[in-house]
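Engineer: First, the structure itself, so that you have it in front of you.
Throughout, read-outs are computed from the coordinates displayed, never taken from laboratory work. Just so you know, these numbers come straight off a predicted model, no measurement behind them. So basically every Cβ, Gly included, is an ideal-geometry build from the backbone, and we count neighbours across all protein chains shown.
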Amino acid sequence: MKFLPTILFALLFVFISSCDKDEPQTEKNFTLTFKSTYGGLALEKYKNYPYDDRDIQVNKFNTFLSDLILVRQDGSEQRLSDIEWVDFTPDLAPDNKAVDVKFQYTVPAGNYTALKIGYGVRPDLNAKKPADFAPEHPLYRENEYWSGWQSYIFTKVQGLYDLDGAGDPESTLTYHCGSDAVYRTSTMNATIPVTDKSGALTVEFDVKKLFYYNGGLLDLDDPLNRNTSHNASNIDLGIKVMDNFANATTVK
Amino acid sequence: MLYRKSFLFALLVLAVITLAQRCKEPSGTCGMGCDLTDIPYNPTAYTIPKPAHFPQIPVPANNPMTLEGVQLGRRLFYDPILSADSTMSCSSCHLPQGSFTDNKAVSTGIDGIQGRRSSMSLLNIAYATNGLFWDGRSASLEEQALLPVEDPVEMHHTWPNVVEQLKSHPVYPELFRKAFGIDNCCGITKELAARALAQFERILISSGTSRYDQYILGDPDALDDKELDGKLMFFDEGQVVNLPDAQCFHCHGSITLTGNNYFNNGLDSVASLDDFTDKGRGGISGNRTDNGKFRTPTLRNIALTAPYMHDGRFPTLEAVLEHYNGNGKGVSNEDPFVQQIGFPLGGNVLQYSGLTAYQRQAVIKFLHTLTDTTFINNPDIQKPD
């Protein structure tokens, strides 16, 4: 019986310390969700979508985003993250539906009026390489790095286009874009109320809008518009895609 | 009298049951003579040696590396005690000299039954964090290590039997004590065995001394002209000297040359996605468009691991390059890069040229510069005495 108080105390301690561990998670009061669409429709791998009078498939879509920052009315800023990697089409997904990618942050309560986004890896981080980062870090990913051009691959879009017009997309589309020259930023206005307990924002990328150029869709019959897979090859195409990112973004 | 006898008997039965019961428990007093508390438990934290230019090695928080854990894992890896008839160890199919493959098209288990797949190199396996096996059906080395023991086409044993053998073994109880601090032999579990195996596998890291490593570390003479041409094509850097893109690095990327991603790399010409003999990733995910996709293996030490692909279909690297030069089979879930191998000038796909015989040979010659004999001869990873 003498031990009873000790045991109770020990139990209490265990209880308290386990509470401690949970605390930082519940503290995070702001959720940022990234979604992907094609022409307003939910994105799905290996599904045919209309592209002018032909069909197109988008079978891979991922991107780095830098300097995610919430902006207050007075222009002051609340940094959410230096860098995130958003993969809408992970290998191990259970089906072909593009996944929603969520991040949680701790943010002071308040009314925020905009979200700043950097498309790609901002130059000082892009000067580093995967071996410079810990395994948990978004920039640890070796598969998203071009050793030949010392740059991260900012964004990857891959798919197929019905070039021969026979009905099923068969011609490859590969847009691997990177290098400091194609880093882009934007500020998306929105009403973003955040309380101590919760706050949320959804950012949507419409892949079809990545293909808009000079008021129309890129002409995919032109082979120069179908593939760019390293920054020394078809940088013009890489620039077009990255230029379009802000236009392809909506926040809710 | 009768009453007393049956009472005593019942007591005896009870005592035996309790003892047996206790022996199943992971810790606590158990089985006379198997107390291990006299043996000190002072595990030594272990930092996995790696070349400076290699990325940091992911180690799961629930299985920290210790010298004692690695030593135990190494012993288990080479010990046929894990197979039903004590003829086969992990190393029977993962031999150091074959960069931890068995150099067979498909592996054969203890009962002489052939599996359907080729053994995989365990070089740099610590970096494989996107699923294990050709089809990604196992999530971690800890989880994977449990499987071969009970696989009927591999070691065809049962874990309860292995654990019994380990408990009554003259050496293992002490090694488990030193690695994991168990109080007595009954603390030995399959999970601890798997953790030790995983720790050993995590130290199977390149030495960083291959000729390719020497080249990227700054010795321009480490590769001859042909090897350099091969390297330029492998990494799509050949434009400067007007060499086509071989596109290999898109999938076998960066330092470890292990993509870890899943692709259909154009091996099979099938009428529909349902017709692959081995569905690969699709067999696990149940997703039809994953059929025919396999995990990209490392190309480090590739010259030592023939034959090639998940079913060992290609005996030589020449055959592999021949395959890639065919630009896939046009199956709908093939990765786009498979259909762009040998295109001139990166993305400016105007005309397919293919890789010439010289260019294919140059890529193969480059692949040979990835050979790391220091790794396969490293005394720390061989069968322990």
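Engineer: Mind scanning A:LYS128/A:LYS240; A:LYS60/B:LYS329; A:LYS208/A:LYS240 and naming the pairs with a C-alpha gap bigger than 18 Å?
Structural biologist: Details: A:LYS128/A:LYS240 25 Å; A:LYS60/B:LYS329 20 Å; A:LYS208/A:LYS240 13 Å.
Violating the 18 Å Cα-Cα cut-off are A:LYS128/A:LYS240; A:LYS60/B:LYS329.
Engineer: For the protein assembly as shown, which semi-axes, largest first and in whole Å, follow from the square roots of 5 times the eigenvalues of its Cα gyration tensor?
Structural biologist: Values: eigenvalues 456, 234, 107 Å².
Equivalent ellipsoid semi-axes, largest first: 48, 34, 23 Å.
Engineer: Let me ask something additional. For A:ASP55, what is the net charge nearby, where nearby means another residue's Cβ is under 12 Å from its Cβ and Lys, Arg count +1, Asp, Glu -1?
Structural biologist: Numbers: positive: A:LYS47, A:ARG54; negative: A:ASP52, A:ASP53, A:ASP162, A:ASP164, A:ASP168, A:GLU170.
Counting the neighbours of A:ASP55, the net charge comes to -4.
Engineer: I would also like to ask the following. How much length would be gained if the chain were fully extended between A:ILE239 and A:ALA93, taking 0.36 nm per residue of separation minus their Cα-Cα distance, in nm to one decimal?
Structural biologist: 49.6 nm
Engineer: While we're here: Taking 0.36 nm per intervening residue step and subtracting the Cα-Cα distance, what contour gain separates B:ILE113 from B:ALA357 on full extension?
Structural biologist: On the way: separation 244, 0.36 × 244 = 87.84 nm, distance 3.90 nm.
Working it through step by step, the gained length comes to 83.9 nm.
Engineer: While we're on this one: Among residues other than B:LEU223 whose Cβ falls under 12 Å from its Cβ, what is the net charge (Lys/Arg +1, Asp/Glu -1)?
Structural biologist: Values: positive: B:ARG211, B:LYS226, B:LYS231, B:LYS365; negative: B:ASP213, B:ASP219, B:ASP221, B:ASP224, B:ASP225, B:GLU227, B:ASP229.
Value of the local net charge: -3.
Engineer: Okay, moving on. How far apart, in nm, are the 7 Å Cα→Cβ label points at B:GLU318 and B:TYR41?
Structural biologist: 5.8 nm
Engineer: What FRET efficiency do you get for A:ASP124 and A:ARG72 if R0 is 35 Å and r is their Cβ-Cβ distance, rounded to the nearest 0.05? Display every interim value, and only then the final one.
Structural biologist: Values: r = 25 Å, r/R0 = 0.71.
The pair A:ASP124/A:ARG72 has a calculated efficiency of 0.90.
Engineer: Additional query: What's the FRET efficiency of B:SER168 with B:LYS383 using the Cβ-Cβ distance as r and R₀ = 35 Å, to the nearest 0.05?
Structural biologist: On the way: r = 23 Å, r/R0 = 0.65.
In this case the efficiency is close to 0.95.
Engineer: Among A:PHE103, A:PHE64, A:PHE34, which one shows the biggest mean-square fluctuation in a GNM of chain A, springs joining Cα atoms closer than 10 Å?
Structural biologist: Top of the fluctuation ranking is A:PHE103.
Engineer: For chain B, what does the relative contact order come out to in percent, with C-alpha contacts under 8 Å and a separation of six or more?
Structural biologist: On the way: 722 pairs, mean separation 75.6, N = 385.
So the answer I get is 20 percent.
Engineer: Something else: Would you mind calculating the gained length between A:ASN214 and A:HIS137 on full extension (0.36 nm times residue separation, minus the Cα-Cα distance), in nm to one decimal? Don't skip to the answer; put the middle values down first.
Structural biologist: Numbers: separation 77, 0.36 × 77 = 27.72 nm, distance 3.72 nm.
That works out to 24.0 nm of additional length.
Engineer: Can you tell me the FRET efficiency between B:ALA61 and B:GLU191 if r is taken as the Cβ-Cβ distance and R0 is 22 Å, rounded to the nearest 0.05?
Structural biologist: On the way: r = 16 Å, r/R0 = 0.70.
With a Förster radius of 22 Å, E is 0.90.
Engineer: I want to make sure I understand the PRE zone here: with the label point 7 angstrom from the Cα of A:ARG79 toward its beta carbon, which residues in segment A:124-166 have backbone N atoms less than 15 Å away?
Structural biologist: Only A:124-126 pass the distance filter.
Engineer: Each label point is 7 Å from the Cα along the Cα-to-Cβ direction; what then is the distance between the points at B:LEU147 and B:ILE216, in nm?
Structural biologist: It works out to 2.8 nm between the two label points.
Engineer: How large is Rg over Rh for chain B, taking Rg from the Cα atoms and Rh as the Kirkwood inverse mean of 1/r across Cα pairs? Show your work: numbers first, answer last.
Structural biologist: On the way: Rg = 25.0 Å, Rh = 23.1 Å.
Rg/Rh: 1.08.
Engineer: Can I ask one more? If each of B:SER269 and B:HIS368 carries a label point 7 Å out from its Cα toward its Cβ, how far apart are those two points in nm?
Structural biologist: Using points 7 Å along Cα→Cβ, the separation is 3.1 nm.
Engineer: Another question, then. Quote the relative contact order of segment B:256-385 in percent (integer), defining contacts as alpha-carbon pairs under 8 Å separated by 6+ residues. Working shown, then result.
Structural biologist: Values: 172 pairs, mean separation 33.0, N = 130.
Relative CO of segment B:256-385 lands at 25 percent.
Engineer: I would also like to ask the following. Distance between Cα centroids, segment A:160-211 to segment B:165-192: provide it in whole Å.
Structural biologist: So the two Cα centres are separated by 54 Å.
Engineer: Between segment A:113-133 and segment B:250-303, how many Å separate their Cα centres?
Structural biologist: Spelled out, the Cα-based centre of one part sits 30 Å from the other.
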